[in-house]
Amino acid sequence: MDALERLRKVCLALPEATERPSHGSPAWFVREKKTFVTFADNHHNDGRLAFWCPAPPGVQEELVRTEPERFFRPAYVGHRGWLGVRLDVDVDWSEIDQIVRDAYRLVAPKSLVAQLD
């Protein structure tokens, strides 16, 4: 299974998650409204296969500082604390699952977040 298919499976396993293109790339939404993950394949020729997602306060800075080969500050949304996660390196899919769930928790209504716990 390629990275996009694995990411899709992780995202669509969450309550009321949907997928549709956004800015030319696959993206996942809560109740078709709020984005929690955006796929980024060579965005503006940056050479990365990755995804972007919101991260809890301080997480982006810490991960980019400690593991810059795996994490980055994405264009357009990085200033809002979103995290760029590379998928073209050695990927720990259990970690990806947790990162996606954390992003979902940041944008989903409390009633949907409660379904995760």
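Which strands (runs of 3 or more DSSP E) does region 16-100 wholly contain that include 1 or more residues that are among the hydroxyl-bearing types (Ser, Thr, Tyr) and in contact with a strand residue (DSSP E or B) (Cβ under 7 Å, 6 or more places away or on another chain)?
17-22, 25-30, 34-41
The conditions are (1) on the phi < 0 side of the Ramachandran plot; (2) among the charged types (D, E, K, R); (3) loosely packed, with under 12 Cβ neighbours inside 10 Å, and Glu32 fails exactly one of them. Which is it?
(1)
Which members of region 58-93 meet the condition of being closer than 17 Å to Leu106 by Cβ and more than 15 Å from the chain's Cα centre (by Cα)?
Across region 58-93, the qualifying residues are Gly58, Glu61, Glu62, His79.
Give me the pairs: first residue in region 83-103 and among the charged types (D, E, K, R) and at pLDDT 95 or above, second residue assigned to a loop (DSSP other than H, G, I, E, B) and surrounded by 14 or more Cβ atoms within 10 Å (Cβ to Cβ), beta-carbon distance under 6 Å, and six or more apart or on different chains, which are they?
Going by the 6 Å Cβ cut-off, the qualifying pairs are Arg86/Arg48; Arg86/Arg70.
Of the residues Ala114, Ala75, Ala55, which single one is hydrophobic (A, V, I, L, M, F, W, C) and surrounded by 20 or more Cβ atoms within 10 Å (Cβ to Cβ)?
Ala55
The values are calculated or read from the model by the stated rules, or taken from the named source; none is laboratory data. What you see is a predicted model; the values in this text were computed from it and never measured. Positions of Cβ are generated from backbone atoms using ideal geometry, with glycine treated the same way; all protein chains shown enter the neighbour counts.
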